Amino acid sequence: MKKNFLLKLNCFKYFSSFTLILLFVFSADFASAHRVVIFAWTEGNMVFTQSQFSDGRKVSNGLVQVFDFNDNLLLKGKTDPNGDFSFKIPEITALNIVLNAGMGHQGHWKLSEKEIKTSMGISDQKPAPEKNDTRTDITKTAQKEPSVSLTAGENNKNPDSALLLDKKQLEQIIEKVLDKKIHPITRMLAQMQNKGPSVNDIFGGIGYILGLMGVAAFFLSKKKKNDCPK
Amino acid sequence: MHLSEGILSGPVLFSGAALAVAGTAVGLKKLDYDRIAQTGILSAAFFVASLIHVPIGPTSVHLLLNGIVGLLLGWCAFPAILIALLLQALFFQFGGLTTLGVNTVVMALPAVICYYLFSPFINKNQVITIISAYACGFFCVFLSAVLVGAALMFTEKNFLEISMMVVAAHLPVMIIEGFITTFCIVFLKKVQPSMITH
């Protein structure tokens, strides 16, 4: 009787310690840091990058290499403690930005040529007509193209007081302001890019393993039955 | 310890895949009906273990549990780890499909080596069991780290330097894994001795 009780107590002891360990293990941070992600965006003639592990921890001192379309190394640098690294666009070409966080951890981000051209204000079509100095030409351009003219007063009657901005200038101003406003949003998006594995993923994976186990058991049980003499 | 895609050269990827296929074939051959449940459970444990990470310096490492998987499964560690790694690549984007073979070898080969090295001592007396289980957990991660160094050697050029770095980064994991392996083996020996005697 006493022996039985002791055995039960022993079992309980082991069971509880095992449960405790499991609890400890599962309460540990579920997010893993075993994937690095680099996110890059352009602003004007600069490229900004942000690098982080999948748990949101920033990659500090990670090597960032920038390659062109033909895999030629254009420049390289290291991320700062915030995982940031920025550089001036070295060439108008598609860029492949590769982050190496050491020990076989690598992430990359591609920027297309179009993206870079748009950011630098270079259009693929024929370049916009040069800005002319003579007032008559400006008025002509304003009439010909759908450019915007801001007027102080009535510009038709009193052209001297007119403040004219051609399309290109206006675009540049808007881009500058937008960049400023969008910067924090882009940064936030960069952080959101990086989601650690969700509980669904984890249980999904375990489910797959159990399913495969079932499939294996099914086939092996058939084999076992066939092997047994009737 | 998952090697990302795009780092390793073709020959390394190819030989890794070939070794993984060979190991998995041996493992499947040895997998009998009675050990399916055990293999599946340990595969699931390995799958989840990678989510528990230890941040170290500029990078971060996670639990592997390949020591215990190897000790309990022997050659069956290959299919168990392959499946777990495949699901990790698909669900968590750890490693990748092209590096699946190399990653399998990096984790499963040390598991099999440790099985042959330490399993004869597991059924001895308590002290020897504890020491060999700890050594198994510790040494298995060490071997995996050395294999990562070997795989990266062809791109990073300096085997000793990169191996030392990986080993140093995984030192805390080796210590933790040693304890976990010891705990599991001692626990199983008490409650389910049939699991460790085969």
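Only residues that are away from every other protein chain (no Cβ under 14 Å) and in a loop (DSSP other than H, G, I, E, B) were counted in the stretch A:48-100, giving 10. Of all residues in the stretch B:16-49, exactly one satisfies the criterion of being free of Cβ contacts under 8 Å to residues at least 12 places away in the same chain, over 17 Å from the mean Cα position of the chain (by Cα) and either farther than 20 Å from A:K223 by Cα or surrounded by 19 or more Cβ atoms within 10 Å (Cβ to Cβ) (or both), namely B:I36. Residues in the stretch A:67-92 that are at positive phi and under 18 Å from the mean Cα position of the chain (by Cα): A:G83 alone. In summary, helices (runs of 4 or more DSSP H) completely within the stretch B:1-89 and bearing 2 or more residues that are at the interface with chain A (Cβ under 7 Å from one of its Cβ atoms) occur at B:36-49. Screening the stretch A:95-110 for residues that are open to solvent by less than 20 Å² (accessible area, probe 1.4 Å) and modelled with pLDDT of 85 or more and picking the one that is farthest from the chain's Cα centre (by Cα) gives A:L95.
Number of residues in the stretch B:128-169 that are within 10 Å of chain A (Cβ to nearest Cβ) and open to solvent by 70 Å² or more (accessible area, probe 1.4 Å): the value is 2. Condition check: more than 14 Å from every other protein chain (Cβ to nearest Cβ), over 29 Å from the mean Cα position of the chain (by Cα), farther than 20 Å from B:F92 by Cβ and touching a residue at least 24 places away in the same chain (Cβ under 8 Å). Does A:K168 satisfy that? Yes. Quick check on my filter: what residues within the stretch A:179-230 are more than 8 Å from chain B (Cβ to nearest Cβ) and modelled with pLDDT of 85 or more? Selection gives A:N200, A:F203, A:G207, A:G211, A:G214, A:V215, A:F218, A:F219.
The values are calculated or read from the model by the stated rules, or taken from the named source; none is laboratory data. Predicted model only: the values in this text are computed from it and were never measured. Glycine also receives a Cβ, built like all others from the backbone with ideal geometry; neighbour counts cover every protein chain displayed. Ligands, DNA and RNA are stripped out before the accessible areas are found, and what is left, the full protein with its side chains, is counted by its heavy atoms. Shrake-Rupley method; radii C 1.70, N 1.55, O 1.52, S 1.80 Å.
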